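To start, the structure itself, in structure tokens.
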There are 2 protein chains.
Amino acid sequence: MRIEKLCLEAEVSCAWQPFLLGPIFEKRGWSSSPFVLDPEKGRYMWRDVEREAERLGLPFKRPALFPADSVLSARLALVGLDEPWGLPFAKAVFQAEFVFGQDIGLPATLYALLEDLGQDGPAIHEAALSPFWKPRLRAVTQTALARGIFGAPTFFVEDEVFWGNDRLEQAVAWAKAKKKAP
Amino acid sequence: MRIEKLCLEAEVSCAWQPFLLGPIFEKRGWSSSPFVLDPEKGRYMWRDVEREAERLGLPFKRPALFPADSVLSARLALVGLDEPWGLPFAKAVFQAEFVFGQDIGLPATLYALLEDLGQDGPAIHEAALSPFWKPRLRAVTQTALARGIFGAPTFFVEDEVFWGNDRLEQAVAWAKAKKKAP
């Protein structure tokens, strides 16, 4: 919700890249989100997200269902990555989950979001499962694993890694400095 | 290194409390620091600490020995908690480890820090192992466990929990707001 404005102000660009966290957690032997596996840490994290959202003026409601099944939303977002609807769709998915408590694992939820953007959900779903698009999600997730990603959001400025909403300002500042003195 | 100035500016007080992370990690089934157990996350964390220290104008050097054995330093810090040398000693221990690469598990390292503060290291060591002080470290660590602490530094403002250097400003702001409207 914050990255576009910050990048615009800093005059740097940002390329979004959907991927799956599941295989990354699996590699660490985690059967679910760390928010779920460690209840004390999880309780803290949800409270922290709530406080930070309020501080940043962003709506937030802890979803009843967590973690959601994000495979289909990631597949659809990949199809849209170079389309005008791609980024608004990705943001709408996050809001559906973390503001409106919708189940983003359901095709109907995602079709409705796409329809709001003037897109044909079932047609995009079909494209996402085509031999051209379907293997892409595995490929980008393998790339994420290979780059040592362990959570989301992760921001790369060349090989410099920044993890989490609370490192977004630092990532953008780093990109801006790099651009000035490459 | 930052909390005293921030608390002073916000006109709130801060009570330091040493405790051991070891039993807290053990409870989670971790045999060492998460920085060590997950090499990819560990590599990121060290880089993040390095960058954040630079941003904040604080000296930092990644210690060759990590995690250090902090039991004795915690014992000595507990003895000093209500003494004028306690807080300077605690900060000196962190600097010894994270700036000067010293082994804070060695009595000689800690005696030298105490001597710099005009204190008698061996005498304080002896006091720390007395029946009055020795059980305190276990007690405060049990309290930390009971309060759901999972890392350090953790800041409490009544029951509101803030974890990590990057939540210090929020913790101090929360304390300030609480003070104004209790």
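Points worth noting:
- Radius 15 Å from Cβ of residue A:129, net charge of other residues (Lys, Arg +1; Asp, Glu -1): +2
- Within chain B, helix-based [θ] at 222 nm, where runs of 4 or more DSSP H residues each add -39,500 (n - 2.57), nearest 500: -16500 deg cm²/dmol
- Interface size, chains A and B: roughly 2200 Å² of accessible area buried, both sides included, 1.4 Å probe, rounded to the nearest 100.
- Under DSSP loop assignment and at most 12 Cβ neighbours within 10 Å, longest GluC sites (Glu not before Pro)-free interval of chain A: A:12-157
- With label points defined 7 Å past Cα in the direction of Cβ, position residue B:4 shows copy-to-copy spacings of 4.7 nm, given to one decimal and shortest first.
- Across the accessible surface of the range A:51-182, with the other protein chains kept in place and a 1.4 Å probe, carbon and sulfur atoms take up 57 percent.
- Only Lys, Arg, Asp and Glu carry charge here, each on its Cβ (+1 for the first two, -1 for the last two); on that basis chain A has a dipole of about 480 debye about its Cα centre.
- Long-range HN-HN contacts of residue B:155 with modeled amide H, under 5 Å: B:162, B:163, B:164
- Stokes-Einstein D (µm²/s) once Rh is taken as the Kirkwood radius of the range A:70-176 over alpha-carbon pairs, at 20 °C in 1.002 mPa s: 142 µm²/s
- With the whole protein complex present, residue A:66 retains an accessible surface near 60 Å², based on a 1.4 Å probe.
- Kirkwood hydrodynamic radius over Cα pairs of the protein assembly as shown, then Stokes diffusion coefficient at 25 °C and 0.890 mPa s, in µm²/s: 105 µm²/s
- Exposure check, 1.4 Å probe, all protein chains in place: residue B:31 carries approximately 110 Å² of accessible surface.
- Under the shape rule built on the C-alpha gyration tensor, where the axes satisfy a ≥ b ≥ c, the range B:1-95 is oblate, since a/c reaches at least 1.5 while a/b does not exceed b/c.
- Whole-angstrom gap from the range A:61-85 to the range B:143-182, using each part's C-alpha centre: 33 Å
- Pairs from the list A:180/B:5; A:27/B:41; B:61/B:91; A:176/B:91; B:5/B:176; A:41/B:27 with a Cα-Cα gap above 23 Å: A:180/B:5; A:176/B:91.
- Axis-proximal residue, chain B, for the rotation superposing B on A (Cβ, Å): B:166, 3
- Sequence of B:75, B:43 from largest to smallest accessible area, 1.4 Å probe: B:43, B:75
The values are calculated or read from the model by the stated rules, or taken from the named source; none is laboratory data. In this text the structure is predicted, and so the values were computed from the model without any measurement. Reconstructed Cβ throughout: ideal geometry from the backbone, glycine too, with neighbour counts over all protein chains shown. We work out accessible area using only protein heavy atoms, side chains counted, and drop any ligands, DNA or RNA first. Shrake-Rupley method; radii C 1.70, N 1.55, O 1.52, S 1.80 Å.
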